[in-house]
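Every number in this text was worked out from the coordinates using simple rules, so none of it is lab data. Predicted model only: the values in this text are computed from it and were never measured. Because the Cβ atoms are built from the backbone with ideal geometry, glycine has one as well, and the counts that use them run over all protein chains shown.
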Protein chains: 2
Amino acid sequence: MYPRKLTRSVISNPDYPVVETPKGKLRGLWEEGVFLFRGVQYATAKRFHLPQEVPAWEGTKEAIIYGPVCVEMHTPIAHDQYNVPHYHYIQDEECHYLNIWTKHIEKGAKKPVMVWIHGGGFSTGSSIELYAYDGHELCDFGDVVVVSLNHRLNCIGYLDLSAVDEKEYKYTGNLGQADLVAALRWIRDNIEAFGGDPDNVTIMGQSGGGGKVNALLQTPSAAGLFHKAVIQSGVFEGGKDLLPEESREIGKKVVEALNLKDIREIETIPYYLLARAAQKVGGEMAGGRIRFAPVKDDDFFFGSCELNPCIEGTKNVPVLIGSVLGEFDQNFNQVYAPGSKNSWSEDQVWSLLRQVYGDQAEAVVAAQQKAYPGAPIVDSLFINRGGRVAARDWCRRREKEGCAPAYNWLFTLESPFNGGTIAWHNVEEAYMFHNACYLEASYIPGVSERLQDIMTGAWVQFARTGDPNFVGMPLWHPATEENGACMIFDRVVREECHHDDALMELLPQKAIMSKNARHPLSTFGGGPRQSL
Amino acid sequence: MYPRKLTRSVISNPDYPVVETPKGKLRGLWEEGVFLFRGVQYATAKRFHLPQEVPAWEGTKEAIIYGPVCVEMHTPIAHDQYNVPHYHYIQDEECHYLNIWTKHIEKGAKKPVMVWIHGGGFSTGSSIELYAYDGHELCDFGDVVVVSLNHRLNCIGYLDLSAVDEKEYKYTGNLGQADLVAALRWIRDNIEAFGGDPDNVTIMGQSGGGGKVNALLQTPSAAGLFHKAVIQSGVFEGGKDLLPEESREIGKKVVEALNLKDIREIETIPYYLLARAAQKVGGEMAGGRIRFAPVKDDDFFFGSCELNPCIEGTKNVPVLIGSVLGEFDQNFNQVYAPGSKNSWSEDQVWSLLRQVYGDQAEAVVAAQQKAYPGAPIVDSLFINRGGRVAARDWCRRREKEGCAPAYNWLFTLESPFNGGTIAWHNVEEAYMFHNACYLEASYIPGVSERLQDIMTGAWVQFARTGDPNFVGMPLWHPATEENGACMIFDRVVREECHHDDALMELLPQKAIMSKNARHPLSTFGGGPRQSL
């Protein structure tokens, strides 16, 4: 991420590399083959107002360090700091910044543009939060222009105040989405100067980022600004759109909790007061926190395509959509038993299987062995249903609506952490970013290098043409209800058809995120936090 | 820093590597040759109270992710985010954590222990703030045990409340120092289990970290807990000890600003209220902020050795002390003129030299050329006096007091950033940590590798024996008033004698930190911040 462990030289001179954008000049960096522009402002915005264009400037602005990331209401140190290393950064409400990696700074280059939209629900995260997001390798490997961006989140990005002031705060429930559209507009107007093709833009995101991509597919004002889409663990069974009546009610409650004399004060009070009020209201709600998400409306979000008609403007967008084997159900935390899952005795495993699946245990194991022949049966404890079924069904839904092809995939590679850990939510990012060797917990010498060549290759090929098929991997069919096609990313990469239908049928449906219990002997006792 | 860009495998199993400490078991990681233990708690502490020993525990605690770092009153994105890449991390008052890198987890190994105390004045920073602080390479290269630690800072580490309650809050002005002593005690009692020699501990620090080392040399309760000391850009001309009457007055003012009903509330109010009060009081003081520093007292700080007698308990401690050529006066920000200093015309350079040095310009350049023959004369604009003179005189002072030898050094390597940048405050850290290839702004292929071998070699040799001399570098004499010996670290490493006395005489004395003006065209307009 920042900085890379270098084995190469960098050029960072006042006059090179400099790119002239329509608004003014930007000075970046050059690292043997890749130009970097960090912290490029794509919009300005006052709190609770729509993003505006950045005014033109004289002279040359520096773009050599990252811009601030969006403020977060609460930043815990999660156990996944090990499995999914985070780069925490300075938080500020003024967070409309993007980063660019490119091999060309000539207008004629017109390389495919791959835009990364970070995860963290709609509440946390940033363009640089995970080391996996570093765009250098993807840019270099694929000769593509990589863009990653920050935008407004949580109570400054998705707090719907329209019930308090219908006119002034009409869009407050979707400001985070409005920021994304503003960034895509900036890319349309500026990316050519960075060697990118504004007519070939792929948006991609994982988890919340996948949710944002899913929402942008249903955003009329975003139609035409992107041409391909990638959703990684971004849809889950039981997902529901946030309705205006719900979001307006939440906004009203937060305003009440603030107890302001004049509602306009909400635009200038310290962020922590706002966040505390939101936390308080969240604490009183089911689930213990406010659900921040795009609000169904007529301008920014027509409602997700799983539950609503697909909008016309994006029906022609091909999609890569997939999930990972364990998602939130992996064995990070030794919740079932101490030690490595692969060291448990057969008796112990069966006892746990019966505990979890009751008299369905044998059937589950049989279906698991059919889906993944020879895999350890203990893995049946950790296979996630919600993400897998939702991604599969998403393809079927788009097919029914007559949309462009959707390619379905599933990442199943076991990582060496804890003597064997099932693929966890977001482990695949390092593979499609060609950054597998950044991740201590999942790096397998020889295996990781090969798999990232294939995955990054497929992602790049998809960004170039809308079809991920390239010679380096097995043939991959668009998923249909009939073929049930799914590309499995593992030590052996292979296309399967309807391989886990029976298994999915047997696994119980759960809440979107199962509780990822804390390791009881974590060195951090009191729940360390960056609280407000 | 975290994570390393790997080309190696990691073992991270529930049962390996595990170290049994006197209080309980800790599970770490193994990365081909180096064991890592992150986030090991060395003390507990209630706010405004002395640190206490960690209670013993059953089972095995995880030590695979970093512990939280101390809360900061304000975290700006500095321009130096590029030149000195920062790893920002979760902040919490509960921050008594250290990290260990070692090649051995057997008691008999008894390797030298090198303890890194971070900089950032006494207000900011952490054990993992800079990428340069990653201990893996130093451990691997030198076969030493590297420890880095967090401790309390700013208004929770150095706010003297003794005027408010003489008994209860007696030590509040030096809690940050008390934490350091607690960490050194933990090392004495535990490090053997990690392959370290408790009888051979070297403390080292840069900037504020050097100041902390300087203070520990004058701390009776720390005497015997360390055996060698390294001070890097940690002393500056004009430095003054903080006196109890000053610190007590500051504490009183902050308490007044808080307007508490009961003084005990100060132990539980949210940190941001405390920090805001301290900021308010600071704003009303000369300099615009509170000076947080150890307070001269009878227990934790006898007053710095530059101004006070050296305490007996540490007179036998040999010291490596030095500074860098530019410190705060480098040419990051193009404050004198746009473009690279090395591209300015001779006329322009002389015009700037006259602007800065008036009719002394010719004399300064002559002295600079005598000190650094053939160096660009433009560099005379950026040579720092305060750090260089203070380090040199510090050696003389210790000599007069009959202390163990002090070895003086100066780092002068020009970095490629901006087409040539004078060595800035803390650029040398990457070289004594053998991490030069982490720093985009200073990495020079071939040169950086060689120089880091020499500097890390000297630091390790010093940690082993108290004498930095090893075959890989020129002979290095302890500095005396008579010999004026100083090791110059540059493309050519060389010992010089009295080389810059005349130059230092000519340079004007300045405030400790000159203003490091912001680049006028930084992309960050409004001063992004992580504010409270």
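What the table shows:
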| read-out | value |
| --- | --- |
| Karplus 3J(HN,Hα) series, Hz, for segment A:29-44 with 6.51 cos²θ - 1.76 cosθ + 1.60 (x for Gly, Pro) | 9, 10, 10, 5, x, 10, 8, 10, 10, 10, x, 8, 6, 9, 6, 10 |
| Residues with amide H under 5 Å from that of A:Tyr97, placed H, sequence gap 5 or more | A:Tyr42, A:Asn150 |
| Surrounding net charge for B:Ile488, when Lys and Arg each add one and Asp and Glu each subtract one, Cβ distance under 11 Å | -2 |
| Long pairs among A:Lys46/A:Lys212; B:Lys25/B:Lys107; B:Lys167/B:Lys280; A:Lys167/A:Lys296; A:Lys110/B:Lys341; B:Lys46/B:Lys261, criterion Cα-Cα beyond 24 Å | B:Lys167/B:Lys280; A:Lys110/B:Lys341 |
| Check: segment A:161-225 dipole with +1 on Lys, Arg Cβ and -1 on Asp, Glu Cβ, in debye | 160 debye |
| Cα-based shape type of segment A:323-506, given that a ≥ b ≥ c are square roots of the gyration tensor eigenvalues and the cut on a/c is 1.5 | oblate |
| Position B:Asp347, label points 7 Å along Cα→Cβ, spacing to each other copy in nm (shortest first, one decimal) | 9.4 |
| Stretchable slack from A:Val356 to A:Glu401, in nm (0.36 nm times residue separation minus alpha-carbon distance) | 12.4 nm |
| For chain A, share of DSSP beta bridges that run antiparallel, in % to the nearest 5 | 45 percent |
| Nearest-20 debye value, segment A:244-283 charge dipole, Cβ charges on Lys, Arg, Asp, Glu | 140 debye |
| Cut-off 12 Å between beta-carbons: net charge of the residues surrounding A:Glu246, Lys and Arg +1, Asp and Glu -1 | +2 |
| Point-charge dipole on Cβ atoms (K/R +1, D/E -1) for the protein assembly as shown, about Cα centre, debye to 20 | 780 debye |
| 10 Å Cβ neighbours from other chains, averaged over peptide A:53-66 | 4 |
| Residue among A:Leu216, A:Val471, A:Val40 farthest towards the positive dipole end of chain A, charges placed on Cβ | A:Val40 |
| For A:439-447, mean number of other protein chain Cβ atoms within 10 Å | 4 |
| B:His49/B:Glu249 FRET efficiency (R0 25 Å; Cβ-Cβ; nearest 0.05) | 0.70 |
| Using θ = phi - 60° and Karplus 6.51 cos²θ - 1.76 cosθ + 1.60, couplings along segment A:106-118 (whole Hz; Gly, Pro as x) | 10, 4, x, 5, 6, 8, x, 10, 10, 9, 9, 10, 5 |
| Amide H within-cut-off set for B:Thr21, under 5 Å, with H built and near neighbours excluded | B:Leu26 |
| The protein assembly as shown - convex hull of the alpha-carbon atoms, volume per residue in Å³ | 165 Å³ |
| Among B:Ser343, A:Ser9, B:His151 - extreme Cα towards positive end, dipole of the protein assembly as shown, charges at beta-carbon | B:His151 |
| For A:Leu451, net neighbour charge (Lys/Arg +1, Asp/Glu -1) across residues whose Cβ lies under 9 Å away | -1 |
| Inter-label distance, nm, simple model (7 Å from Cα along the C-beta direction), B:Gln348/A:Thr465 | 5.1 nm |
| Stretchable slack from A:Glu505 to A:Glu168, in nm (0.36 nm times residue separation minus alpha-carbon distance) | 116.5 nm |
| DSSP-defined antiparallel bridges as percent of all bridges, segment B:333-506, nearest 5 | 60 percent |
| Potential lengthening between A:Arg264 and A:Asp299 on full extension [0.36 nm per residue; Cα-Cα distance subtracted] | 10.2 nm |
| Principal semi-axes in Å for segment A:1-114 [√(5λ), Cα gyration tensor, largest first] | 26, 22, 12 |
| For chain B, calculated [θ]222 nm from helices alone, where every DSSP H run of n ≥ 4 adds -39500 (n - 2.57) | -7500 deg cm²/dmol |
| Rounded, prolate or oblate (a/c below 1.5 giving rounded, otherwise prolate when a/b exceeds b/c) for segment B:234-364 by Cα gyration tensor | oblate |
| Farthest toward positive dipole pole in segment A:312-412 [+1 Lys/Arg, -1 Asp/Glu at C-beta], among A:Phe328, A:Val317, A:Ala375 | A:Val317 |
| Normalised contact order of segment A:323-506, rounded percent, pairs of Cα under 8 Å and 6 or more residues apart | 26 percent |
| Rounded if a/c under 1.5, otherwise prolate or oblate - segment A:244-283, Cα gyration tensor axes | oblate |
| log10 of Debye I(q)/I(0), alpha-carbon scatterers only, for segment A:270-323 at 0.14, 0.19, 0.30 Å⁻¹ | -0.64, -0.82, -1.16 |
| Whole-Hz ³J(HN,Hα) from phi, Karplus 6.51 cos²θ - 1.76 cosθ + 1.60, for segment A:446-463, glycine and proline x | x, 6, 4, 4, 5, 5, 5, 4, 6, 5, 4, x, 5, 4, 5, 4, 4, 5 |
